[in-house]
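Note sheet for the following structure.
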Amino acid sequence: MSSVAQKKGFGATLWDWLTTVDHKKIGILYFLGGGFFFVLGGIEAMMIRWQLHIPNNDFVSAGLFNDLITMHGTTMIFLAAMPILFGFMNAIVPLQIGARDVAFPFINSLGFWMFFFGGLFLNISWLYGEVPDAGWTSYASLSLASQGHGVDFYAIGLQIAGGGTLMAGINFLVTIINMRAPGMTYMRMPLFTWTTFVASAMILFAFPPLTVGLFFLTFDRMFGGNFFNHTMGGNTIIWEHIFWIFGHPEVYILILPAFGIFSEIFSIFSRKRLFGYPSMVFATVLIGFLGFMVWAHHMFTVGLGPTANAIFAVATMAIAVPTGVKIFNWLLTMWGGSIKITTPMLYALGFIPSFVMGGVTGVMQGAAPLDYQLHDSYFIVAHFHYVIVGGVVLAILAATHLYWPKMFGTMLNETLGKVTFWFFFIGFHMTFLIQHWLGFWGMPRRVWTYMDGQGWNLANLISTIGAFMMAIGVIVLVINAIMTSVKNVKVANDPWGDGRTLEWAIESPPIYYNFHATPLVRGLDTVWIEKMEGNESGLTPAEPIKDIHMPNGSIIPLLMSFGLFIAGFGAMFRTEESWGLPVLIFGLLWTFVSMAARSLQDDTGYYIKKDEILRDLKRKGGQN
Amino acid sequence: MADIQVYKRTPAEQQLAQRRAKQSMRNQVMMFSLMIFLTIVSFSMVVAFEAEVAGFSKFFIIPMIMLFAAVQVGLQLYYFMHMSEKGHGIPQMFMYTGALLGFLIPLTFVTIVWW
């Protein structure tokens, strides 16, 4: 394999992307896949808001509205937010720790393809015409009663996608534990790497409950099980517990990498070391741990009893403490810094008040007696959009601008970036701030329409206008991305000028083996230290240039995931179509044969010769 | 291919390694006999219960067998799966965290779902 750029046909390029095990390419695949589902979820959101913009609207039917809210929530959480974050983790974390790839490149690729086919399976429900309609939480009594195949698509699609997520999580854990460059101790890891580490640990512990819960649901609906059927001795509350034992850590899995991204941004654009780095790490770990102790606050009104409610209320409020530590650390990072207001920094500045507002309403709901008033009202909708959009989505948009040069080698237009920010930010507050009051005024969530004369009309109209402003912001971003890619003006190693961590010391985008020689890490923000000491390149190699061992690409991950995709259809139609059972068996067999092919094949990868690396170095004039 | 480095131990290192291996072997044999002993005790308690020996009620035997089982799992992990040796800090941390979180679920189900 040669590193010299060769003209390749479309087929060869496509084959390259389908078989890639390179973390940077998989990062881009995650980013584009997640971006596609983000647009789908966004269209669903626009339809929801259009339905609610006037009372007694009949834009969609009640049934379609249920489909829309269910798919909006499921798509945004599982198929948009998480994969896009995985995209950034894949693209950036190995560079930040000075590694040449993740620990298991093959499993990385498998994780992506499982997510992709799971998401595809879920969304094929729209084409089939029977869509999940029991809410993104799919509470068992409702999801068991749901007619048609809608909830089957939910159970099987999420099962496949969830498997991919679990693999990605384990992969990052092993990568971060084992593949840090010499000198990079745990307490020198950049905060995005730390939050990825803790979020991956949470995935490791939170996704198995989801897997179990979804299997129970699958068995109850498709194979005659009775786990949640109380008439047969089951218990419907068990689904709620299992779902939230997974579901609450899940929201921290989303927000922790967002915190990491903002920590990087604050420190880069304040040109200061992150204030209170050890306390940031401690707070991250503590949030990760406490995140598992609070799930029942989603179930205060189930009737757990005052003791259980009190315990979970106190645990919930405790999480505000480490989160507060983080907020103050960010503020103090900016304090006295030489601040540059770039697009990512603008998002970071907008994030602090937005997320604090979402956090404060969270503590309000954590008070169990008050939660009885707020439960299932629009107040809840406002709260979780404030934390997820005001936290996670702002981080995703910020990171899109911040890491675009590192992923694609070009720089997004700053003016258009700021236009995106203002449309999105104002639209976001317009959409969701007023929904707090809608909740106080008694509007329940998940209603497909409402009567005139209840005082909700104006507020709903404002909310809808805000939602469309957010959509305009995203459209501007897409235009920006297309324009930038068409112009294709390549940028240097550190286009922001103030990069502090290893990814900014190498090419944008990095060459496929990342580092010519593994770097030596001399402290937190190692590139900054090198630059302050006059080392322009920002890197000190830890070893001489030598042969590099690289993994071969493989089509097997795609085939394995495709087998599960086929098996999903078989499981769904097993009882009503004669081809159901054979297809189920065929799909599983396909997967097992692919797995066997992988196990029996003796693929030890290949070596990049030292001469070739030296040639690459020379071509770039001896720079990294 | 990458260079293969051959490392030769000094006589002192060799001696130390041998002494450690010997000690480890002795520990393993001791722990193995302890585990067999615990198993025999567990079985005899059940036999005693079956034979209605005074004092061997199920409220005594079940917790005792659970306790012995926990001890055996610990011995298995630390002496036979080498968790007592260096470089196992991270796996230990993850196992204990996982066990704690795993324990929470049956605890909640027992306290607020089923009863």
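The values are calculated or read from the model by the stated rules, or taken from the named source; none is laboratory data. Remember, it's a predicted structure, so these values are computed and weren't measured experimentally. Here Cβ is always computed from backbone atoms with ideal geometry, including for glycine, and neighbour counts include all displayed protein chains. Just the protein is used for accessible areas: all its heavy atoms, side chains included, with ligands, DNA and RNA removed. Shrake-Rupley method; radii C 1.70, N 1.55, O 1.52, S 1.80 Å.
Between B:73, B:41, B:29, which is within 30 Å of residue A:285 (Cβ to Cβ) and assigned to a helix (DSSP H, G or I)? Unique residue meeting the criteria: B:73.
Every residue, every condition in (1) in contact (Cβ under 8 Å) with a residue 24 or more places away in the chain; (2) out of contact with any Ser or Thr (no Cβ under 8 Å at 6 or more places or on another chain); (3) not in a helix (DSSP H, G or I), yes or no:
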residue	(1), (2), (3)
A:333	yes, no, no
A:338	yes, no, yes
A:341	yes, yes, yes
A:350	yes, yes, no
A:353	no, yes, no
A:361	yes, yes, no
A:364	no, yes, no
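Go through region A:185-194 and count every residue that is part of a helix (DSSP H, G or I) and more than 12 Å from every other protein chain (Cβ to nearest Cβ). The total comes to 6. Would you say residue A:587 is in contact with a Gly (Cβ under 6 Å, 6 or more places away or on another chain) and either in a helix (DSSP H, G or I) or at pLDDT 90 or above (or both)? Yes; evaluated as a whole, the condition is true for this residue.
When A:576, A:536 are screened for being under 30 Å from residue A:120 (Cα atoms) and at pLDDT below 90, only A:576 passes.
Note on region B:1-20: residues that are away from every other protein chain (no Cβ under 14 Å) and either among the β-branched types (Val, Ile, Thr) or surrounded by fewer than 10 Cβ atoms within 10 Å (Cβ to Cβ) (or both) total 6.
Somewhere in region A:320-335, is a residue at positive phi and of a type outside the set (Val, Ile, Thr)? No, region A:320-335 contains no residue that is at positive phi and of a type outside the set (Val, Ile, Thr). All but one of (1) buried (at least 21 other Cβ atoms within 10 Å of the Cβ); (2) within 30 Å of residue B:95 (Cβ to Cβ); (3) out of contact with any Pro (no Cβ under 9 Å at 6 or more places or on another chain); (4) at pLDDT 95 or above hold for residue A:284; which doesn't? Every listed condition holds for residue A:284 apart from (3). The residue of region A:195-217 that is nearest to residue A:163 (Cα to Cα), among those that are open to solvent by 20 Å² or more (accessible area, probe 1.4 Å) and either away from chain B (no Cβ under 12 Å) or not in a helix (DSSP H, G or I) (or both), is A:211.
Checking the stated criteria, residue A:279 turns out to be open to solvent by 30 Å² or more (accessible area, probe 1.4 Å) and away from every other protein chain (no Cβ under 13 Å). Checked against (1) in a helix (DSSP H, G or I); (2) open to solvent by 10 Å² or more (accessible area, probe 1.4 Å), residue A:182 passes all but condition (1).
The set of residues from region A:372-404 being of a type outside the set (Phe, Trp, Tyr), assigned to a helix (DSSP H, G or I) and in contact with a Lys or Arg (Cβ under 7 Å, 6 or more places away or on another chain) comprises A:380, A:381.
Taking the criterion of being within 14 Å of chain B (Cβ to nearest Cβ) and under 22 Å from residue A:106 (Cα atoms), the residues of region A:519-558 that qualify are A:547, A:548, A:549, A:550.
Comparison of B:93, B:64 shows that the only residue that is away from chain A (no Cβ under 12 Å) and hydrophobic (A, V, I, L, M, F, W, C) is B:64. Pull up region A:481-524, narrow it to residues that are open to solvent by 20 Å² or more (accessible area, probe 1.4 Å) and acidic (Asp, Glu), then point me to the one that is farthest from residue A:397 (Cα to Cα). Here the residue is A:507. Do you know which residues across region A:293-306 are at the interface with another protein chain (Cβ under 10 Å from one of its Cβ atoms) and in contact with a Phe, Trp or Tyr (Cβ under 7 Å, 6 or more places away or on another chain)? Once the filter is applied, which keeps residues that are at the interface with another protein chain (Cβ under 10 Å from one of its Cβ atoms) and in contact with a Phe, Trp or Tyr (Cβ under 7 Å, 6 or more places away or on another chain), region A:293-306 yields A:295, A:296, A:299. Just one of the numbered conditions (1) within 14 Å of chain A (Cβ to nearest Cβ); (2) open to solvent by 80 Å² or more (accessible area, probe 1.4 Å) is not true of residue B:73: (1). Here residue B:49 passes the criteria (1) over 16 Å from the mean Cα position of the chain (by Cα); (2) more than 30 Å from residue A:308 (Cα to Cα); (3) within 14 Å of chain A (Cβ to nearest Cβ) except the one numbered (3).
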